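A.B. asks: Encoded as structure tokens, here's the structure I'll be asking about.
Throughout, read-outs are computed from the coordinates displayed, never taken from laboratory work. Please read these numbers as outputs of a predicted model, since none were measured by experiment. So basically every Cβ, Gly included, is an ideal-geometry build from the backbone, and we count neighbours across all protein chains shown.
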Protein chains: 2
Amino acid sequence: MATTHLTIPARRGAAARVAAGQRVKVINTHGSQVVDTWAFNAREVTEWMSMEASRAWFLKLRAAVGDTFRTNQRRPILTLVEDNSGGAHDTLMAACDLPRYRLLGVEGHHDNCRDNLHAALGALGVTVPATPSPLNLFMNIPWTPDGTLAWAEPVSTPGSYAVFRAEMDLIVAFSACPQDILPINGRTGQTTEAHFVIE
Amino acid sequence: MATTHLTIPARRGAAARVAAGQRVKVINTHGSQVVDTWAFNAREVTEWMSMEASRAWFLKLRAAVGDTFRTNQRRPILTLVEDNSGGAHDTLMAACDLPRYRLLGVEGHHDNCRDNLHAALGALGVTVPATPSPLNLFMNIPWTPDGTLAWAEPVSTPGSYAVFRAEMDLIVAFSACPQDILPINGRTGQTTEAHFVIE
């Protein structure tokens with residue numbers, strides 16, 4: 001089967017079409033880069049991977065290998081089939097956006113995952129009417145017994161990866177998160193490229 | 001100030017306009033009824049209360065008194081100002097919908113919160129292009145240290161309530177959740193009306 005290697009440029013997005021049954025391997029090339037991830041039904045893009053429907057299905061705050069993400073129509077869309085990254089993949093937090101950086105004190109432009117999503121879809125000629133809550137690969141958001149959340153440093157390492165099986169024909173979209181104020185991409189605030197492979 | 005008392009009929013929705021500064025009191029009249037809750041900017045309804053943006057703001061799985069929910073533009077929309085219900089208000093689970101009931105084995109029609117939301121907004125002449133993840137008032141979804149979730153029975157009691165302050169002119173929408181298969185509305189599966197007051 002043909003294999004396609006693709007780059008998610010630092011602080012930018014990328015999207016690609018994936019056929020049902022293909023596997024998508026997302027590689028944390030430099031080890032500490034959060035990759036916001038979305039998936040859309042290729043035939044009807046208002047059907048998308050839904051974190052709230054997925055949590056209601058697998059009954060966990062975080063997916064484990066074998067768990068299937070569901071769409072807003074409750075259909076299977078992506079199954080996590082391999083993961084050697086430590087498993088810290090957040091389902092709770094919104095994609096960063098310009099208003100978020102305003103709250104963090106940024107003036108002027110700041111790259112952000114929301115814009116990256118829509119630009120990456122736009123490059124495929126696709127528009128969607130909202131910004132779904134993303135699957136934040138490699139993003140470490142721990143919780144306490146009383147439900148307190150935190151922005152923690154990554155537990156992934158260079159070259160670690162997560163692999164998904166496509167459960168329908170879909171469009172996958174990624175953003176190499178440009179967050180350089182909170183420590184989610186590591187304490188240095190360095191943001192890097194990442195890669196993905198469709199096989 | 002004028003006070004408006006309104007009913008959320010059993011298994012149905014209701015919506016109303018609320019001015020900035022008004023308070024909305026949601027009453028669990030019979031004690032064990034989950035009330036899915038949404039809020040939309042009255043001037044631009046594609047700006048809505050976002051659970052993923054709110055968790056990223058108050059850094060909790062569940063809001064406590066004093067916490068402010070944020071929109072998908074990161075602006076304050078509702079602040080929880082009083083709560084005598086035990087505080088089990090879920091932010092994690094999608095509104096129930098017909099595909100959800102199919103997965104639970106229901107054939108034919110089943111009332112559902114998604115349809116109730118859109119019908120309630122429609123009665124005000126409002127349409128929205130997606131179904132935001134709801135604030136599930138009185139819905140008890142516990143988590144474990146390893147992140148396992150469960151559908152638990154309510155901890156609220158008859159007449160207990162939560163009160164919110166509107167932080168902008170908004171449209172609030174509710175659904176008295178018709179879930180009668182899982183125990184979230186109590187072990188008997190009885191679904192009831194609830195009430196709200198705008199003051």
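A.B. asks: When you count, for each residue, the other Cβ atoms within 10 Å and take the mean per peptide, how do A:166-172, B:44-50 rank with the highest first? Present the calculation step by step, with values, prior to reporting the outcome.
C.D. replies: Values: A:166-172: 20.9, B:44-50: 19.1.
Ranking, from highest mean packing down: A:166-172, B:44-50.
A.B. asks: Return the long-range amide H neighbours of A:His30 (sequence gap of 5 or more, or a different chain), with a cut-off of under 5 Å between placed amide H atoms.
C.D. replies: Answer set, sorted by chain and number: A:Gly159.
A.B. asks: Tell me, what ³J(HN,Hα) does each residue in region A:112-122 have, in order and in whole Hz, if you take phi through Karplus 6.51 cos²θ - 1.76 cosθ + 1.60 with θ = phi - 60° and put x for Gly and Pro?
C.D. replies: Once θ is set to phi - 60°, the couplings for region A:112-122 become 7, 5, 4, 4, 4, 4, 5, 5, 5, 5, x Hz.
A.B. asks: For A:Val81, which sequence-distant residues (separation of 5 or more, or a different chain) have an amide H within less than 5 Å of its own amide H, given hydrogens modelled in the peptide plane?
C.D. replies: A:Gly66, A:Val163, A:Phe164, A:Arg165
A.B. asks: So, one more: Got the relative contact order for region A:12-123 handy, in percent, Cα pairs under 8 Å and 6 or more residues apart?
C.D. replies: So the answer I get is 26 percent.
A.B. asks: Oh, and also: So if we plug the beta-carbon distance of B:Asp146 and B:Arg43 into 1/(1 + (r/R0)^6) with R0 = 45 Å, what FRET efficiency do we get, rounded to 0.05?
C.D. replies: 0.55
A.B. asks: Measuring label to label, 7 Å along Cα→Cβ, what does B:Leu124 give against each other copy in nm, shortest first?
C.D. replies: List, nearest first: 3.4 nm.
A.B. asks: A further question follows. For region A:69-135, list log₁₀ I(q)/I(0) at each q in 0.16, 0.20, 0.25, 0.26 Å⁻¹, using the Debye formula over Cα point scatterers of equal strength and ignoring solvent, two decimals each.
C.D. replies: The computed values of log10 I(q)/I(0) come out as -0.77, -1.05, -1.19, -1.20.
A.B. asks: May I pose another question? In whole Hz, with x marking every Gly and Pro, tabulate ³J(HN,Hα) for region A:32-42 from phi via Karplus 6.51 cos²θ - 1.76 cosθ + 1.60, θ = phi - 60°.
C.D. replies: Result, rounded to whole Hz: 10, 9, 6, 10, 5, 10, 9, 9, 10, 4, 5.
A.B. asks: When N counts the residues of region B:63-199, how does its alpha-carbon radius of gyration compare numerically with 2.2 N^0.38 Å, as a ratio?
C.D. replies: The reported ratio for this selection is 1.08.
A.B. asks: Okay, moving on. Please tell me the relative contact order of chain B in percent, rounded to the nearest whole number, where contacts are Cα pairs under 8 Å and at least six residues apart.
C.D. replies: That works out to 45 percent.
A.B. asks: Can you give the average number of partner chain beta-carbon atoms within 10 Å of each beta-carbon in peptide A:50-62, as a whole number?
C.D. replies: Counting Cβ atoms of other protein chains within 10 Å of each residue's Cβ and averaging gives 6.
A.B. asks: Same structure, new question: When the helices in the protein assembly as shown are scored as -39500 (n - 2.57) per DSSP H run of 4 or longer and the sum is shared across all residues, what 222 nm value do you end up with, to the nearest 500 deg cm²/dmol?
C.D. replies: Taking each H run of at least 4 residues, the total per residue is -3500 deg cm²/dmol.
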